[in-house]
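Values quoted throughout were computed directly from the atomic coordinates according to the rules given, and no laboratory measurement underlies them. This is a predicted model, so every value here is computed, not measured. A quick note on method: Cβ atoms are made from the backbone with ideal geometry, for glycine too, and the neighbour counts reach across all protein chains shown.
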Amino acid sequence: MRRKLDFQGLAAYIRLFQSQRFDVVHGHFSPDFTLPAYAAKLTKQPLTVMTRHVCLPWPAAKAAAYLRLWNHIVPVSNAVETRLAESGVPKERMTVAKAGLSPPSSKKAREEARDELRLGKNDFAVGSFGRLTTEKGIGHLIDASAQLQNTKICVFGSGPIDTELKKQAEGKPIQFYGQITDVADAMLAMDVIAIPSVWEEAFPYAALEAMALARPVAASRIGGLPEMVEDGVNGRLFNSGDSQDIAVKLNELRQNPAQREQMGQQGRRRYESEFTIRHMVDRMEAVYRTEMLKGTLRRSGS
């Protein structure tokens, strides 16, 4: 699909679906939500499933249209499910299936990674990983830095407000590293991973990566983040957009290295028990099997 209403793409999907009868047709992103679903309907595919990866409501008309096109909707977090329910999607048409990931593989030891990032032995390193956009809230993290001691804010990523953030950070203990490829090495070098988003993150992979690497997470109390970060257990939660609260929570973590270690290990254990690829596959397979059984019962009149 080159765009949402790509009619050449529609014809290609119809040919694909006519070539065989799939058990499941599963769409994931906005360009896939309309024409492929029409093609699946026209060719009578038995089960269509859509995953919603964004924690934003739909207009009522869009929700109604998608409910006609898709048998079942998979929100990636409880927060996403809540937004869809507010849009008019019935609870029985949804099943939350949270993501998982393969364990990130670091190539360097922690001290080597810190040396390469020019971090001092006594620096308390707070890392932010992601696209540099307003909704990611990096500006509030930069504002919080004025209230932190012996702390270096490490910003990884690029984006449209790169120049604006660098200007805001002038004279502050902020280091910008740009876009990097060895994310696991950089995360391992951090003392805390910060996710200061001001919009409702659905279920960000940065938090899962941090947990898998046994790094505590300091995150906004918004969207799906409280489903990943248990305040005081595997990290801390702060009020979204509140630089004062960010500073308070980061100072608490800076002053308690033993607590950080314990939180990191708790995050690792939770990753292993809930968020591996195997767990994600099991959740999705359960959705498929349950919905296929419902379809069989409907066709048999049971």
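Could you calculate the FRET efficiency of Thr133 with Arg15 from 1/(1 + (r/R0)^6), where r is the beta carbon distance between them and R0 is 30 Å, rounded to 0.05?
Values: r = 38 Å, r/R0 = 1.27.
The computed FRET efficiency comes out at 0.20.
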- Note on the structure: Residues whose modelled amide H sits under 5 Å from the amide H of Gly235, counting only those 5 or more places away in sequence or on another chain, are Val217, Glu230
- Which of Gly224, Gly267, Gly232 fluctuates most in a GNM of the chain (C-alpha springs under 10 Å)? That residue is Gly232
- Task: Note down the relative contact order for region 110-274 as a percent, whole number, built from C-alpha pairs under 8 angstrom at least six residues apart.
- Result: 23
- Could you give me the percent of Cα pairs per 5 Å distance bin for region 181-229, shortest bin first, beginning at zero and ending with the bin that holds the maximum distance? 5, 23, 33, 21, 14, 4
- Item | Spread of Cα-to-Cα distances over 5 Å intervals beginning at zero, given as percent, for region 75-118 | 5, 18, 17, 9, 7, 6, 8, 11, 8, 9, 2
- Message: Once you keep just the Cα pairs under 8 angstrom separated by 6 or more residues, what percentage relative contact order results for the chain?
- Response: 16
- Task: Over 37 Å, how big is the tail of the calculated P(r) for the chain, in percent of all Cα pairs?
- Result: 26
- Message: Quick query: amide H of Thr151 versus all other amide H atoms, modeled in the peptide plane; which residues come in under 5 Å with a sequence gap of 5 or more or a different chain?
- Response: Phe124
- Note on the structure: Expressed in angstrom, Rg and Dmax over the Cα atoms of region 1-131 are 20.8, 64
- Item | Taking His72, His53 and counting other C-beta atoms within 10 Å, the order from fewest to most | His53, His72
- Query: Helix-derived [θ] at 222 nm for the chain: sum -39500 (n - 2.57) over DSSP H runs of at least 4, divide by residue count, nearest 500?
  - Reply: -13000 deg cm²/dmol
- Item | Degrees separating the helix 7-19 axis from the principal Cα axis of the chain, which is the longest one | 70
- Expressed in angstrom and ordered largest first, the alpha-carbon extents of region 70-177 along the principal axes are 54, 33, 24
- Task: Using only Cα atoms, tell me the angle between helix 243-254 and the longest principal axis of the chain; keep it within 0 to 90° and round to the nearest 10.
- Result: 70
- Query: By the scheme Lys and Arg +1, Asp and Glu -1, what is the net charge of all other residues having a beta-carbon under 14 Å from that of Ser273?
  - Reply: +2
- Item | Evaluated at q = 0.15, 0.16, 0.17 Å⁻¹: base-10 log I(q)/I(0), Debye formula over Cα of region 110-274 | -0.72, -0.83, -0.96
- Subtract the Cα-Cα distance of Glu112 and Glu230 from 0.36 nm times their separation in residues, and report this length gain in nm to one decimal. 39.5 nm
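Please tell me which of these pairs span more than 28 angstrom C-alpha to C-alpha: Lys98/Lys294; Lys41/Lys294; Lys4/Lys44; Lys107/Lys172; Lys4/Lys98; Lys98/Lys166? Walk me through the numbers before you get to the answer.
On the way: Lys98/Lys294 22 Å; Lys41/Lys294 17 Å; Lys4/Lys44 21 Å; Lys107/Lys172 30 Å; Lys4/Lys98 26 Å; Lys98/Lys166 35 Å.
Table pairs above 28 Å Cα-Cα are Lys107/Lys172; Lys98/Lys166.
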- Message: So if each residue of separation counts as 0.36 nm, and I subtract the Cα-Cα distance between Lys294 and Asn251, what length gain in nm does that give?
- Response: 10.3 nm
- Okay, which of region 35-71 sit inside 17 Å, backbone N to the point 7 Å along the Cα-Cβ direction of Asp23? 45-50
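Ignoring the sites themselves, what is the longest stretch of the chain with no trypsin sites (Lys or Arg not before Pro) in a DSSP loop and at most 10 other beta-carbon atoms within 10 Å? Don't jump to the answer; show the numbers that get you there.
Details: sites that count: Arg2, Arg3, Arg21, Lys44, Lys107, Lys121.
The answer is 122-302.
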- Message: Angle check, please: helix 277-300 long axis (alpha carbons) against the longest principal axis of the chain (alpha carbons), in degrees 0 to 90, nearest 10.
- Response: 20
- Query: Which ordering of Asp115, Asp185 is given by a fewest-first count of other beta-carbon atoms within 10 Å?
  - Reply: Asp115, Asp185
